[in-house]
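The values are calculated or read from the model by the stated rules, or taken from the named source; none is laboratory data. In this text, all values refer to a predicted model and were calculated from it rather than measured experimentally. When we count neighbours, we look across all protein chains shown, and the Cβ atoms used for this are built from the backbone with ideal geometry, even at glycine.
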Amino acid sequence: MPLALLALAAGGFGIGLTEFVIAGLLPEVAADFAVSEAAAGWLISGYALSVAVGGVFLTMATARMRPKRVLLGLMVLFVVGNLVSALAPTYALLMTGRVVAALCHGAFFGIGAVVAAGLVAPDRKAGAVATMFAGLTVANVLGVPFGTFLGQAYGWRSTFWAITAIGVLALVAIAALVPAAGAEDRQPTSLRTEVRAFASGQVWLSLAVTVLGFGGMFGAFTYIAYTLTGVSGFAASWVPWLLVLFGVGLFVGNLAGGRAADRDVDRTLVVVLAGLTAVMVAFALLASSPVATVVLLVLMGGFGFATVPGLQMRIMRFAGQAPTLASGANIAAFNVGNALGAWVGGMAIAAGLGYTSPIWAGAGITVLGLLVLLPAARRVRRTAEVVEPAEPALV
């Protein structure tokens, strides 16, 4: 495994911490700045919106720059954002720090995925992308519980100081280990060339599958604490540990999905999305059983994040020689899916359908993603079947 992949994973770990750890610190932040729970929650929503914006526009703005230089600049932005958060004397400045840090998120993973794929042989590209995203999953498994504990014990600012230090270490690792140039995949391109990738219908279909397929899982996950306590009967003190198990599922699913996608992207996505739907249906039906809930929570995380390497590789594949902007747009699509799933799940609860309704809604959204993917994959396969017999005649 190239050491550069570990450097990219370190950056992903720090970014994952910034995104997720705030959820465990909202009570302390709200109390410190004397704001409502809803206002504190905007620190999460504002971050997600900024990720979607940065994933597209920062990638566009840096299209002509060397990828390594861009990655270093994004990590500097990440460090500055978290430093501002750690020092913020007001809620407004804390929000500013969150937005600054979030702007680098989408572009980092979008450009980093292209760089990671260019570091390995063609038959290992999805696995390389999965390795980079492993930093994000490790942040869920280990970093978020530790960051929450640190913030509760020493104040929420201590968590942001720790994330700032992690960002500095990741910056040094990327500077030392990621090659400056080499493979064709990592050469800078013009903005016009990058935008041209969106002429492909398959790129748009891939974005739709990302929004729907991943959004369904996130919609179910957003309100999972209510399901665990209100339906499954777990005490609130159990929720963080159950979320650690969910994070283990994310980690394993991400790596397994990357290996499978290296063999066949579309087939992997079809199987995983179908499996994710089945798991969420079973979860919704069996949520009153604590044992079934534990098993299905892990499986939901596993199947949910097994989609990520395949979804990222699919759009890069159809973007051709200009995958960077499309890759960044796909990171934005993940966050649009997060917002969609959370909104639909919230609407279901507000309608009085109960705490399992977000899981049912998530299963329905995922089915829509599968219905988009199936004809798109069939079209790709049909095109390959037409081209393949013609090749001998051209020789």
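Listed by position, the helices (runs of 4 or more DSSP H) contained in region 4-93 that have at least 1 residues being buried (at least 20 other Cβ atoms within 10 Å of the Cβ), among the small types (Gly, Ala, Ser) and modelled with pLDDT of 90 or more are 67-87. Set side by side, the residues Ala322, Ala350, Ala363 differ, and just one is under 26 Å from Ser206 (Cβ atoms) and modelled with pLDDT of 75 or more, which is Ala363.
Pairs meeting the criteria (first residue in region 244-260 and in contact (Cβ under 8 Å) with a residue 12 or more places away in the chain and of a type in the set (Lys, Arg), second residue assigned to a helix (DSSP H, G or I) and surrounded by 18 or more Cβ atoms within 10 Å (Cβ to Cβ), beta carbons under 7 Å, at least 6 apart or on different chains) are Arg259/Gly127.
Annotation note: of Leu340, Leu370, the sole residue that is modelled with pLDDT of 85 or more, out of contact with any strand residue (DSSP E or B) (no Cβ under 8 Å at 6 or more places or on another chain) and of a type outside the set (Phe, Trp, Tyr) is Leu370. Would you call Val115 under 27 Å from Gly253 (Cβ atoms) and modelled with pLDDT under 80? Considered against the rule, which asks whether it is under 27 Å from Gly253 (Cβ atoms) and modelled with pLDDT under 80, Val115 comes out as no.
Starting from region 91-112, take each residue that is touching a residue at least 12 places away in the same chain (Cβ under 8 Å) and list its partners that are among the hydroxyl-bearing types (Ser, Thr, Tyr) and surrounded by fewer than 24 Cβ atoms within 10 Å (Cβ to Cβ), counting only C-beta distances under 6 angstrom and pairs at least six apart or across chains. Matching pairs, first to second residue: Arg98/Tyr47; Val99/Ser50; Ala102/Tyr47; Ala102/Ser50; Leu103/Ser50. Any residue that is of a type in the set (A, V, I, L, M, F, W, C) and closer than 19 Å to Val270 by Cβ - is there at least one of those in region 345-364? Yes: one or more hits. Entry remark, region 249-270: residues being surrounded by 15 or more Cβ atoms within 10 Å (Cβ to Cβ) and out of contact with any Gly (no Cβ under 7 Å at 6 or more places or on another chain) number 7 in total. Can you find even one residue in region 224-231 that is loosely packed, with under 15 Cβ neighbours inside 10 Å and either at pLDDT 85 or above or in contact with a strand residue (DSSP E or B) (Cβ under 6 Å, 6 or more places away or on another chain) (or both)? There is at least one residue in region 224-231 that is loosely packed, with under 15 Cβ neighbours inside 10 Å and either at pLDDT 85 or above or in contact with a strand residue (DSSP E or B) (Cβ under 6 Å, 6 or more places away or on another chain) (or both). Suppose the filter is assigned to a helix (DSSP H, G or I) and closer than 29 Å to Ala113 by Cα; does Val244 pass it? Judged against the criteria, Val244 is a match.
For region 289-341, the candidate set comprises residues that are outside any helix (DSSP H, G or I) and among the aliphatic types (A, V, I, L, M); within that set, the residue that is surrounded by the most Cβ atoms within 10 Å (Cβ to Cβ) is Ala319.
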